[in-house]
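Structure first, then comments.
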Amino acid sequence: MPPVIFTLKRVPMLSILILAAGKSSRMRGEDKLLQDVAGQPLIRLVTERALSTRVPVTIALPHTPQDRLKALKDLNVSVVQSADSANGMAYSIRAGVAALAPRCTAVLILPADMPEITREDLMDMCSAWSETQSGVILRASTKDGQPGHPVIFPKSCFAQLKALKGDEGARSVIASKSTPVRLVPLPDHNALTDLDTPEAWIRWRASESGV
C-alpha cells in the first residue's frame, strides 16, 4: 500500500516538539534515548517517525547534547537547547514552545522515550487536529480511555506552557480545565509505553520482537 502523505494545508502551522533533554537519571548511567531500537538509537527512530508526517519537527536537547545530537546527524530538524533542562521537563517545554510560538498555532508534544509511538499514531493525532482546528487539547489514549502521550496544545495554551516549572511536564495545563480535552485513541499501549529504567527496557525487550 502506498504511503499516506499528510497535507500541511489542512493543518495550519502545527509543529511537533520532541522532548529529549532529560538526564536519564533513572537509567543508572545509561542513556535511554541512545538505546538500540530496530537497529538505531531511540532518539533517531522517534525523530524519523515524526519527520515522516511532513509536519515541521523541533527537538529539545540538553545544553550539552553530545551523543544525542550526533544521533540526529543529517536529519532536517530544528534544535532547541536549554541550560535549565536539568531542572525538569517543564523547562524543555518552555524553551521549545517559546521558539515555536511566533510561527505555529498548535504544538504536538512528544516525549522521546516512547518507542511504540508509530508514524501512524502521529498521523492520527495530526488528522484529529486537522478536523478540529479549534481551542481544544488533543491527548492520545488507549482504546479504553487511559490518557497518555503525545498531546496537541492549541495556541491558547502557549502562555501556560511557557510558565511551567518543575518536572511534571504539562500536566497542570491539562488539569486546569481552562481548555477542553479530547482523547484520541491509539492502538494497544502505544500512548502509555515510556521506558525510564533498565528494568523497564528489559521487560519491554522481552515482550517485543522489535518495533
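The values are calculated or read from the model by the stated rules, or taken from the named source; none is laboratory data. The structure displayed is predicted, hence computed values, not measured ones. Don't worry about glycine lacking a Cβ; one is built from the backbone with ideal geometry, like all the others, and counts go over all protein chains shown.
Quick one: in the stretch 28-51, which of the residues that are of a type in the set (A, V, I, L, M, F, W, C) and in contact with a Gly (Cβ under 9 Å, 6 or more places away or on another chain) is nearest to Arg119 (Cα to Cα)? Explain how you work it out, then say what you get.
Narrowing the stretch 28-51 to residues of a type in the set (A, V, I, L, M, F, W, C): 33-34, 37-38, 42-43, 45-46, 50-51.
In the following step, the residues that additionally are in contact with a Gly (Cβ under 9 Å, 6 or more places away or on another chain) were identified as 33, 37-38, 45.
Numbers: Leu33: 18, Val37: 15, Ala38: 14, Leu45: 10 Å.
Per the criteria, the residue is Leu45.
Out of (1) polar (S, T, N, Q); (2) outside any loop (DSSP other than H, G, I, E, B); (3) more than 19 Å from Arg171 (Cβ to Cβ), the odd one out for Thr53 is which?
Every listed condition holds for Thr53 apart from (2).
Just to verify a result, which residue in the stretch 71-103, among those that are in a strand (DSSP E or B) and of a type in the set (S, T, N, Q), is nearest to Leu51 (Cα to Cα)? Step through it out loud before you land on a result.
Quick first cut of the stretch 71-103, residues in a strand (DSSP E or B) only: 78-82.
Subsequent filtering for residues that are of a type in the set (S, T, N, Q) retains 78, 81-82.
Details: Ser78: 11, Gln81: 19, Ser82: 22 Å.
Selected residue: Ser78.
List every residue pair whose Cβ atoms sit under 9 Å apart, with the two residues 6 or more apart in sequence or on different chains, where the first one lies in the stretch 57-75 and is closer than 21 Å to Ala98 by Cβ and the second, anywhere, is modelled with pLDDT under 95 and of a type in the set (Asp, Glu).
From residues that are closer than 21 Å to Ala98 by Cβ, the pairs are His63/Asp84; Arg68/Asp31.
Give me a count of the residues in the stretch 33-48 that are in a helix (DSSP H, G or I) and surrounded by fewer than 23 Cβ atoms within 10 Å (Cβ to Cβ).
Keep residues of the stretch 33-48 that are in a helix (DSSP H, G or I), which gives 33-34, 42-48.
After this cut, where a residue has to be surrounded by fewer than 23 Cβ atoms within 10 Å (Cβ to Cβ) as well, the list is 34, 44-45, 48.
Count: 4.
For (1) in contact with a strand residue (DSSP E or B) (Cβ under 8 Å, 6 or more places away or on another chain); (2) closer than 19 Å to Phe158 by Cβ; (3) surrounded by fewer than 18 Cβ atoms within 10 Å (Cβ to Cβ), each residue gets a yes or a no:
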| site | (1), (2), (3) |
| --- | --- |
| Gly96 | yes, yes, no |
| Ala99 | yes, yes, no |
| Pro102 | no, yes, yes |
| Leu108 | yes, yes, no |
| Ala112 | yes, no, no |
| Glu116 | no, no, no |
| Asp121 | yes, no, no |
| Met125 | yes, yes, no |
| Glu131 | no, no, yes |
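Consider the stretch 113-135. How many of its residues are among the small types (Gly, Ala, Ser) and assigned to a loop (DSSP other than H, G, I, E, B)? First the steps, then the outcome.
Step one: filter the stretch 113-135 for residues among the small types (Gly, Ala, Ser), giving 127-128, 130, 134-135.
Narrowing the set further to residues that are assigned to a loop (DSSP other than H, G, I, E, B) leaves 134-135.
Adding up the residues that qualify gives 2.
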